[in-house]
Each structure stands twice: as structure tokens, then as C-alpha cells.
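Heads up, the thing below is written out as C-alpha cells.
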């Protein structure tokens, strides 16, 4: 009982932190489930399902604040949605999948800690062809390992100076939502059993997502958002490497 309380408390915190920067939190949920020895066959669909709800909440809050840009979103989504579905169809060894996720987390961590980003204005127009390639690659691995891909997309957008932090968070939230849906659809074709504890996880994640997205879109400045994103990703990567 005590361990369950800790699990749900950490789940709430993860949803809050990730949604504050426009993310669904799948990598954090996966790390948490690994730490608490969840069944491997339920981890990927559970993380994607939580991602769907939290990322939609985050996107809605940021969208209402006026940060969404369609022209920044759709080139990534065009390629990522079918790629995420394809990735979701593929079964992968549990140990290999944890290693891939841990490695993927390192790239945005290094970028966020080691580079300064332009967050005041958008200095460059999005390159459509490059965005398609990026979206397709991220989408495939998103479906394969059970994440939405925002942890990869966000630092790329910032590094290429295609948007500021809050517009990046908004686009990432919707990107995560559509990829999670596509990846979950691929997993669903392989069989998925809904369990009662998933309902509790969804409810708690939604609460964390509502609070986090509100704070992120209304209260936090962009400097704090970057620090939160980097720290959260670092924690998730360390957890995966140590398990």
C-alpha cells in the first residue's frame, strides 16, 4: 500500500513537470514503471495511453494562450503519424527497448544543458523537407519504444531557431498526442488488455497535467521551463540506465 502511494505521487509529479513544458511524460512514466517492476508487456501501452491524455491537456492550455502555429506543426506530423503506427506494430526486446530510450534521452539533455537557445523571436522559417525527415524518424522510434517524441522534437526546434520555448511546447504537445494515438493504434493490433489500475493512473496523470500545463502556459518564464525540461529528462535517463 505504501509503495502504491509513492508510485501515484511520483506519477502526479511527472505529469505535472512534463505537461509544464508541453510534454506528455511517457519517458518519465516508463522510468517509473521500470523502477516499480511493472510488467513489461503493459508498460508501452500504458505510457502511450497516459501520454494521450496529458499531452492533450497541455496542448489545450497552451493553445488557449495563443502559442500554437499550424505551419510549424503539420510538416512533422505528416511523416510522424504513419511512422509511429508502424513502430507500434513492432515488438521489441524489453532490455533493448530500455537502452534505446535511455540513449534517446541523452541527446536532448546534452543539447539543453550545453547550448543557448534563442527564445525571444523566431529567426528562421521551417524547412519543410527537413521537418518531414525529422518527423518520420522521431515518429517511428516513438511508436517503437512507447513515447510521444516531444523530448526529441523540442530541442531540435529550439536548436534550429524555428520557434521560441512556449510555441515549441505547444507544437510538441500536439505532436506527442498524435504520435501516441498512432503508436497505441499499432500496439492495439497486437492485443491490449485494459486493467483497473490504469484508470487510476489516468485520473492522477490528468490532475498533474492540468496543473502543470496551467503553470507552464501562464506562470513560468522560458528560462525556468528549459531548466525543468533538462532536469526531468536527466532523471528519466538515469533511472533507465540504472535498471
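Observations
- Residue 52 being surrounded by fewer than 15 Cβ atoms within 10 Å (Cβ to Cβ) and assigned to a helix (DSSP H, G or I): no
- In the set (1) at pLDDT 85 or above; (2) within 18 Å of residue 29 (Cα to Cα), the condition left unmet by residue 147 is number (1).
- Options 117, 104, 113, 140; residue that is out of contact with any strand residue (DSSP E or B) (no Cβ under 9 Å at 6 or more places or on another chain), part of a helix (DSSP H, G or I), surrounded by 14 or more Cβ atoms within 10 Å (Cβ to Cβ) and modelled with pLDDT under 85: 104
- Qualifying positions in the stretch 34-45 - surrounded by fewer than 24 Cβ atoms within 10 Å (Cβ to Cβ) and touching a residue at least 12 places away in the same chain (Cβ under 8 Å): 34, 35, 36, 40, 42, 43, 45
- Selection status of residue 158, at pLDDT below 90, closer than 25 Å to residue 91 by Cα, buried (at least 19 other Cβ atoms within 10 Å of the Cβ) and more than 12 Å from the chain's Cα centre (by Cα): no
- Unique residue being at pLDDT 85 or above and over 23 Å from residue 217 (Cβ atoms) when the list is 49, 1: 49
- Residue check, residue 180 modelled with pLDDT of 90 or more and buried (at least 19 other Cβ atoms within 10 Å of the Cβ): yes
- Matching option when the condition is over 16 Å from residue 166 (Cβ atoms), out of contact with any strand residue (DSSP E or B) (no Cβ under 9 Å at 6 or more places or on another chain), at pLDDT below 85 and not in a helix (DSSP H, G or I), among 92, 34: 92
- Within the stretch 58-80, residues that are farther than 20 Å from residue 25 by Cα sit with their Cβ atoms under 6 Å from residues that are surrounded by fewer than 15 Cβ atoms within 10 Å (Cβ to Cβ), at 6+ positions apart or across chains, in these pairs: 75/128.
- Selection within the stretch 1-28 - without any contact (Cβ under 8 Å) to a residue 60 or more places away in the chain and either buried (at least 24 other Cβ atoms within 10 Å of the Cβ) or not in a helix (DSSP H, G or I) (or both): 1
Okay, residues lined up against (1) touching a helix residue (DSSP H, G or I) at 6+ places or on another chain (Cβ under 8 Å); (2) assigned to a helix (DSSP H, G or I):
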residue	(1), (2)
133	yes, yes
144	yes, yes
148	yes, no
155	yes, yes
167	yes, yes
182	yes, yes
199	no, yes
203	no, yes
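- For residue 163, the conditions (1) assigned to a loop (DSSP other than H, G, I, E, B); (2) at pLDDT below 85 all hold with the exception of (2).
The values are calculated or read from the model by the stated rules, or taken from the named source; none is laboratory data. What you see is a predicted model, and the numbers here were worked out from it, not measured in a lab. Quick reminder, even Gly has a Cβ in these numbers, built from the backbone with ideal geometry, and neighbours come from all protein chains shown.
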